[in-house]
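> Attaching a single structure in structure tokens format; questions to follow.
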Amino acid sequence: PDLILLDVYMPGMSGLEVCKAVRDNPETSSIPIIILSAGAQREEVSQSYAVGANDYVFKPFDPDDLLERIEKLI
């Protein structure tokens with residue numbers, strides 16, 4: 001994929017766990033990742049960047065803003 005969009009809160013595996021797994025795999029480590037989440041806790045944002053997310057977008061979000069962020073990464 002050219003880009004991965006993840007939510008922090010997902011069934012089975014959190015978006016942060018998926019992000020870390022993507023970054024740890026040499027074949028996928030360079031794919032840009034944007035985290036979309038309703039969680040507005042500072043710790044959640046910093047954890048997202050710590051596991052390798054390129055950007056964090058708060059829900060609800062402006063679709064034009066999301067497209068702009070995607071265009072900057074791909």
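The values are calculated or read from the model by the stated rules, or taken from the named source; none is laboratory data. Computed from a prediction, not measured in an experiment: that's the story for all the values here. So basically every Cβ, Gly included, is an ideal-geometry build from the backbone, and we count neighbours across all protein chains shown. Ligands, DNA and RNA are excluded from the accessible area calculation, which covers all protein heavy atoms including side chains. Shrake-Rupley method; radii C 1.70, N 1.55, O 1.52, S 1.80 Å.
> Per residue of the chain, what 222 nm ellipticity follows from adding -39500 (n - 2.57) for every DSSP H run with n ≥ 4, rounded to the nearest 500?
The per-residue figure over the chain is -12000 deg cm²/dmol.
> Which value, in Å², gives the accessible area per residue of the chain when a 1.4 Å probe is used on the protein heavy atoms?
Spelled out: the 1.4 Å probe surface of the chain, per residue, equals 64 Å².
> Can you pull the percent of the chain's accessible area that's carbon plus sulfur, 1.4 Å probe, other chains left in place?
55
> Specify which labelled value, from (1) 45; (2) 35; (3) 31, agrees with percent of Cα pairs over 18 Å apart derived from the coordinates of the model shown.
Correct label, based on the coordinates given: (2).
> With the crude spin-label approximation of a point 7 Å out along Cα→Cβ, what separation in nm comes out for residue 65 versus residue 30?
Roughly 3.1 nm, to one decimal.
> Continuing with this model, one more query. I need to check one value: relative contact order of the chain, counting alpha carbon pairs closer than 8 Å and at least 6 residues apart, in percent.
Here the relative contact order equals 33 percent.
> OK, next. Cβ under 13 Å from residue 2's Cβ, residue 2 left aside: what net charge do those residues give with Lys, Arg +1 and Asp, Glu -1?
0
> Net charge within 11 Å of residue 57 by Cβ-Cβ distance, Lys/Arg positive one each and Asp/Glu negative one each, not counting residue 57 itself?
Net local charge, residue 57 excluded: -3.
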